[in-house]
Structures are given as C-alpha cells and as structure tokens.
C-alpha cells in the first residue's frame, strides 16, 4: 500500500515541496493509475502556489539580477555646489570729506551739518578706520587700493580736524579759494595788535606754562570764529565765510606757534 506523500510550503519561495523526492522521481516499480493521479494533483498544487506568491519572480526563484540590485541601492545624493559667497555691493565713492566719517559727521557738511566738530570723536573714528583699512591687513592684490584709501582717510582727517583747513575746504566746494590767495588779508587794527602781542609773548616765554594765558585766550578766539563760520555757512553767506576764514588764519597760526614752542627757538608767525 502506498503512503500518501506529505507536502509542505517552503518558507523561502512559497512553493509546495514534497517531503520526499520519491514522488518526483521515476519509480522503479510499475506505476499504477492511482499514483499517476496523485502526481498530477501535487504538480497542479505546486504550480498554483508559485503563481499566487506575492514575492517578485527573482526572489521566488531565489536570486536577484544585477539590474534589480542597482535599482534597490540608493546612492547618496551628490553634494550640490555651494553657492558663492555673496559679495557686498560696491560702496559709492565719497562725495565730500565728511562722508569718510559717517558716525561723527552723519549730517555731512554745512548747511545740513555744523561747522564746529567734536575733534575727539573724529579722532576715535579716524583711528578705527585706519585700523580697518591698513594695507597690511589686505591681500597683495588689494594692497594698492588699500593704501590709496588709507591715504584718503588721512587727508580727510587732517583737513576736517583743523578749523582753518575745514573752512577753506568748505569754501572751495563753493568755488572760493582762500587757501592759496595771499592777497586776502584783514585790515583790522585790533586783529593786527593781537597778533603782535602774541608774537612778543611767545618770544619772552621762558617755559611752556608761561604761554598758558595766551593759549587760553587764543582758543577762545578760534571758538568765536567757528561760531561766525557756523552762521555764515548755514545762511550760505560766502562773503562772510571768506572774511572769517582769513581772520581765522591768524588765530590758527598763533595756536601752532604756541604748540611748537621751544626754548631758544625763533618765533615765526605766518599770516
């Protein structure tokens, strides 16, 4: 009597496999009709199980093709090129010397701004700018440009820190040249007398502190001239500004002579 063959489902491929290969092998004895029918039934079940398997054909057969492995492998995304660093927009060139010092002189020159200047604040900003634009802090390709900009900052500071040079510069913006015109003089007896008194005081000084009264009185005259120039430039009175700039030349020369005083050094008051 033939024992019915037990079949099981393969956990890997989902197919029905015979427990033994005896049913699939050619029998050595004579095949009966019942055995043939059993074989046909088993083959039909195996085919149906394979057809209904939810796995792909490659996995059902137990292999994966090269194309399938390539499709299933996710390549790391290629790094996108980093965007170039945005360059700051080029700054417009300064229109006036005041534009070099936007923190100290935000309103620009008169009449929008003031003629008197806080020279201490101006010097602090000047030192910051010089430190930032020093040629040694720039690459060789930009060194020439940095040197030119540093020189321009120096010129702007020297001009604006000196009230006489500042007045002459503002007048030059209005087409008036009082810096090189030696014919412009003030015919005021009181002014000429004050200049002669200053000359004598500087000559007779034995020590620097002997000039303190002269220094204080002269600084008061300079402040007064700055107030006159403030009104003249605000009212756009070029003639009044020109006269006061010539007068201021004397007071600034006295200041420089007092500052440069040395014992035994001859006094030269330029006017």
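A short reminder: the numbers here are calculations on the coordinates, not readings from a lab. All values reported here derive from a predicted model rather than from experimental measurement. Counting neighbours? That spans all protein chains shown, and the Cβs are built from the backbone with ideal geometry, glycine included.
At-a-glance table
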| item | result |
| --- | --- |
| Over the range 97-161 - Rg/Rh using Cα atoms and the Kirkwood inverse-distance radius | 1.03 |
| Principal semi-axes in Å for the range 215-259 [√(5λ), Cα gyration tensor, largest first] | 22, 10, 5 |
| Ranked list, fewest to most other Cβ atoms within 10 Å of each Cβ, for 172, 225 | 172, 225 |
| Likely footprinting exposure, 180, 104, fewest C-beta neighbours within 10 Å first | 180, 104 |
| Whole-number percent relative contact order across the range 111-201, with pairs defined as alpha carbons under 8 Å at least 6 apart | 20 |
| Rel. contact order, % - alpha carbon contacts under 8 angstrom, at least six apart, the range 97-161 | 35 |
| Translational diffusion of the range 149-271, µm² s⁻¹ [Kirkwood Rh, Cα pairs; Stokes-Einstein; 10 °C; 1.306 mPa s] | 103 |
| 222, 117 arranged by Cβ crowding within 10 Å, fewest neighbours leading | 222, 117 |
| Percentage relative contact order, the range 210-253, counting C-alpha pairs under 8 Å, at least six apart | 43 |
